[in-house]
Amino acid sequence: MPGSWFCDVIAKASCSGQIQPMRHLVVVLSLLFATPALAQFWGHYDNARFGYGIDVPPGFSGNGESDNGDGQIFYRLEAEQSLTVWGGMLLESFEQEVAERQANVLAENWSITYQASSPQWASFSGQRDHRIFYTRLIALCDGASYAAFTLEYNIRDLSKTDAVVEGLVRSFVGERC
């Protein structure tokens, strides 16, 4: 861009012998501005057995796929957070699977404070002591299976986790449709 302030600064620096310090400044500034962007990088997990995928939030480390290939658990230990993703076969219907998952949560002394559903997906969340969970299930395209994830975290992280839940929900899809 001829005539821009950046070109003027570079031209003056090269004429005055200050180009080497300018390079250092540019490198330092680039690193400072790039670091937050790199820290926000989401990974991705694809499950070959059931054909679903989900983005994995920054800072979560996988524990390796389960022996039967249905999913994986990701941890963010310093924040006391876990993300469990799995797939399964529907024994009856998608609605029945959702009802059974909710019954299991209640049997473990969690309270359900939110729930919403459609014929293709269901979400519910709740609390037990200082812990929060958010679960989402999706019916997969074959009509005989589903995929699900549960994010569990400390209540102190509730406001910071809203964007994470939105990213998980947005990225969670069946991939064989």
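The values are calculated or read from the model by the stated rules, or taken from the named source; none is laboratory data. Note that this is a predicted model, so its numbers are computed, not measured. Backbone-built Cβ (ideal geometry, glycine too); neighbour counts: all protein chains shown.
Quick test for you: out of 72, 96, pick the one residue that is in the same structural domain as residue 160 (by TED's automatic domain parsing), under 18 Å from residue 151 (Cα atoms) and at pLDDT 95 or above.
Numbers: 96 fails: under 18 Å from residue 151 (Cα atoms).
Only one candidate passes the filter, namely 72.
When residue 103 is tested against (1) small (Gly, Ala, Ser); (2) at pLDDT below 95; (3) not in a strand (DSSP E or B), only condition (2) is not met.
Of the residues examined, residue 116 is not one that is surrounded by fewer than 19 Cβ atoms within 10 Å (Cβ to Cβ) and assigned to a helix (DSSP H, G or I).
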